[in-house]
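Taking it in order: structure first as structure tokens, then the write-up.
Since every read-out is calculated from the coordinates, none of them should be taken as a lab result. The model shown is predicted, which means the values in this text are computed figures rather than measured ones. Cβ: placed from backbone, ideal geometry, glycine included. Neighbour counts: every protein chain shown.
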Amino acid sequence: MTKKLKIHFVGIKGVGQTALSIIAKEAGMVVSGSDIEEEFITSECLRKAGILPLVGFSEKNVDKVDLVITTGAHGGFDNIEVLTAKKKGIKVITKGEAVGVFMKGEIFGRNFDGISVAGSHGKTTLTAIIATILKENSLDPSFVVGTGDIPSLGAPGHMGRGKYFVAEADEYATEPKYDRTAQFLWQFPKITIFTNIELDHPDIYESVEQVRGVFLKFAKNLPKDGVLVANGDDGQVRALLKDYDGRAVTYGFSPECDFQISKVRVSDLQTFFWISSHGVSLGEFTINVPGEHNALNALGALITCSEVGISIANIRKGLTKFTGTKRRFEYIGKLPNGALVYDDYAHHPTEVKQTLRTFRQSFPKKSIVCIFQPHTYSRTKELFEEFSRSFVDANTVILTNIFPSLREEKDKTVSSEKLAKNVANFNRKTVFLPELSDVVEYIEQNSFDRNCIVVTMGAGDVYKITQNSKLKVQK
């Protein structure tokens, strides 16, 4: 399969699809893709790569292609392009399968050593950090990162000349209606990293124990000479390790971990931390993104890169080159009266709590206004009480309507208005504003000044609030 394939991506603006399409184009494949007209966080990345998505889905879009790669969105296997391709005998695979195929390398006439990053939270950042360190050490990795722009890498996807292929590994279903196989089970890496295990997709999994079982199954995809790098502070990860027979290296704040963060300090949007291993100090490290959780991400990356032979000194240098990714503690600009505006993808209670704690550590004297858009009815309903207690580090909480997934039906038993009433039990100043336009009007009326931080937060389209011309956000 080393000929120049013509590959068509259904829903090409999705973060995983964008990264894969860029890889395919850099590998010399002929790439096309379709999606809705709406601007996505990946749209600029696609333009830079010279990939222009077709607007809408049509039978004509899959004429004369060799392979169709689809997602669970836009109808999944019921999408007209997928149905047409199957009718014509054109091979169709999902995004999850495609990551595994690309990592294997045969489609490109290559042979990669895979590095897979899995976990309920942190995998995008950790994948990007690993790829950055490998790049800075002239190893030119291939990578798939599920986001938009990444300053230290230039794009969320890349076909490198080196032997490492670094990819996010998602536990969500391959195709939620027809194939509930966890996406990451299509990957067979040499190194796997587990950041944490929580119930994040209640539409697919009934319990966290079920999620842990799938992670264990994925760990068993490692070869005998592979290694599992695992966050030893996470209770579910520790429970998994009791049932795992392969080689594992643990990291965290706990003294019981193989690699331990002994001290951490957040200052001026940087994180300084000290690492030791089995009583031996490895010294101080710096990463140019804030938060204790990012110190953990950096430590996971350090162990991974050490496993591939990079020296601690060179890892330390590589870490300083990472400056974050799109929609993760991303600085957007300033409002006319001086308030700083940030955006973050946090959409699970743990992520919301960690992110707001990091904002509080980074800006201890400022008032934090958090604009949160819940993502999916199923997650909001299942984690309702956890969400209610997640905003304690915000001075003002604004909740918008739930952003529904294209994969689910509306659930009238849960709403943002109900959630706002519960959040108000823990945050006195809580406001429910159903539409994004209502939030824009609220921001205009309140004239937030330089004593404020305004944060848009969620996995939907909440980030578009600060793109509204009425707010006059300037870099």
What residue, of Asp113, Asp149, Asp78, is acidic (Asp, Glu) and closer than 18 Å to Phe188 by Cα? Asp113
Are any residues in region 442-475 closer than 17 Å to Thr400 by Cα, aliphatic (A, V, I, L, M) and not in a strand (DSSP E or B), and if so, which ones? Ile443, Ala459, Val462, Ile465
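With over 28 Å from His375 (Cβ atoms), hydroxyl-bearing (Ser, Thr, Tyr) and touching a Ser or Thr at 6+ places or on another chain (Cβ under 9 Å) as the only criterion, which of Ser254, Ser276 stands out?
Within the list Ser254, Ser276, the selection yields Ser276.
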Would you mention how many residues in region 82-118 are assigned to a loop (DSSP other than H, G, I, E, B) and under 19 Å from Gly28 (Cα atoms)? 5
Let me confirm something: among Lys104, Lys64, Lys86, which residue is under 21 Å from Leu406 (Cβ atoms) and surrounded by fewer than 19 Cβ atoms within 10 Å (Cβ to Cβ)? Lys86
Selection within region 1-18 - in contact with a strand residue (DSSP E or B) (Cβ under 8 Å, 6 or more places away or on another chain), over 17 Å from Asp461 (Cβ atoms) and assigned to a loop (DSSP other than H, G, I, E, B): Lys4, Leu5, Ile12
Among the numbered criteria (1) surrounded by fewer than 17 Cβ atoms within 10 Å (Cβ to Cβ); (2) part of a loop (DSSP other than H, G, I, E, B); (3) of a type outside the set (D, E, K, R), which one does Cys257 miss? (1)
Looking only at region 19-51, which residues are farther than 25 Å from Arg407 by Cα and assigned to a loop (DSSP other than H, G, I, E, B)? Ala27, Gly28, Met29, Ala49, Gly50, Ile51
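Counting only residues that are polar (S, T, N, Q) and within 19 Å of Leu319 (Cα to Cα), give me the strands (runs of 3 or more DSSP E) lying completely in region 133-243 with at least 2 of them.
No strands (runs of 3 or more DSSP E) qualify here.
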Filtered residue count, region 407-441, keeping only those that are hydroxyl-bearing (Ser, Thr, Tyr), outside any strand (DSSP E or B) and more than 25 Å from Gly148 (Cα to Cα): 3
Of (1) touching a strand residue (DSSP E or B) at 6+ places or on another chain (Cβ under 9 Å); (2) under 22 Å from Arg328 (Cα atoms), Thr192 satisfies every one except (2)
What do you reckon, is Asp140 free of Cβ contacts under 8 Å to residues at least 24 places away in the same chain, in contact with a strand residue (DSSP E or B) (Cβ under 9 Å, 6 or more places away or on another chain) and either farther than 17 Å from Ala27 by Cα or surrounded by fewer than 24 Cβ atoms within 10 Å (Cβ to Cβ) (or both)? yes
Number of the exception - Val15 against (1) over 30 Å from Ile303 (Cα atoms); (2) touching a residue at least 12 places away in the same chain (Cβ under 8 Å); (3) out of contact with any helix residue (DSSP H, G or I) (no Cβ under 6 Å at 6 or more places or on another chain): (1)
